[in-house]
Amino acid sequence: MYPEIMLIPMREELTRAGIQEARSGEEVDQALAKPGSTMIVVNSICGCAAGKMRPGVRIALQNKIQPDRSISVFAGQDREATERARSYFEGHPPSSPAVAILRDGKLVYLMPRSAIESATAPIIAQELSRAFDQFCAKTTA
């Protein structure tokens, strides 16, 4: 674990964009118990999170269609929250950084580290915007 003071800017980069931090498993469960779409950002101290994932997420949040709520967990720091978030990513190995979209608590989209490492922030934003359009659009009855 890193000293918390080192992580403040990395946490704030997402919270300033309107993403709520989940630091416990209970906070993850509470967010995912709500109906609709939830984006989970698995934050990380690594370079691909700093130069690609976090900027890409921030750009994607300018998309017209967005998740109903967005939360972040910090891998390697908020272990309980991260493990709980990953428990919803059934069938996928742990990955950090990562971005997931869940609808009504069920995983519908996952961008793992391997996709983040091979992309730029604008490409990540474009892909997340596409995923928001597909998985977060409100359905009409």
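Coordinate-derived values only; no laboratory data. In this text the structure is predicted, and so the values were computed from the model without any measurement. Note that we place each Cβ from the backbone using ideal geometry, even for glycine, and neighbour counts take in every protein chain shown.
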- Message: Among Gly25, Pro112, Gly56, which residue has its Cα furthest toward the positive end of the charge dipole of the stretch 4-131, with +1 on Lys/Arg Cβ and -1 on Asp/Glu Cβ?
- Response: Gly56
- Item | Candidates per trypsin sites (Lys or Arg not before Pro) in the stretch 1-110, loop by DSSP, up to 10 other Cβ within 10 Å | Arg16, Lys64
- Message: Helix-only estimate, please: 222 nm mean residue ellipticity of the chain, summing -39500 (n - 2.57) across DSSP H runs of length 4 or more and dividing by its residues, to the nearest 500.
- Response: -11500 deg cm²/dmol
- Note on the structure: Under the Karplus relation with 6.51, -1.76 and 1.60 and θ = phi - 60°, whole-Hz ³J(HN,Hα) for the stretch 78-95, x at Gly and Pro, equal 9, 4, 4, 5, 5, 4, 5, 4, 5, 5, 7, 9, 3, x, 10, x, x, 8
- Task: Calculate one ³J(HN,Hα) per residue across the stretch 28-44 by plugging θ = phi - 60° into the Karplus curve 6.51 cos²θ - 1.76 cosθ + 1.60, and present them in order as whole Hz with x for glycine and proline.
- Result: 5, 4, 4, 5, 7, 6, 6, x, x, 9, 9, 9, 10, 9, 8, 6, 8
- Note on the structure: Per the C-alpha gyration tensor (a ≥ b ≥ c, the square roots of its eigenvalues), the stretch 4-131 is rounded if a/c is under 1.5, else prolate if a/b beats b/c, else oblate; here it's rounded
- Given the candidates Val42, Ala125, Pro94, the one whose Cα lies deepest towards the positive end of the charge dipole of the chain, counting +1 at each Lys or Arg C-beta and -1 at each Asp or Glu C-beta, is Ala125
- Using a cut-off of 20 Å between alpha-carbon atoms, which aspartates and glutamates can reach Lys64, once sequence neighbours fewer than 8 places away in the same chain are excluded? Glu127, Asp133
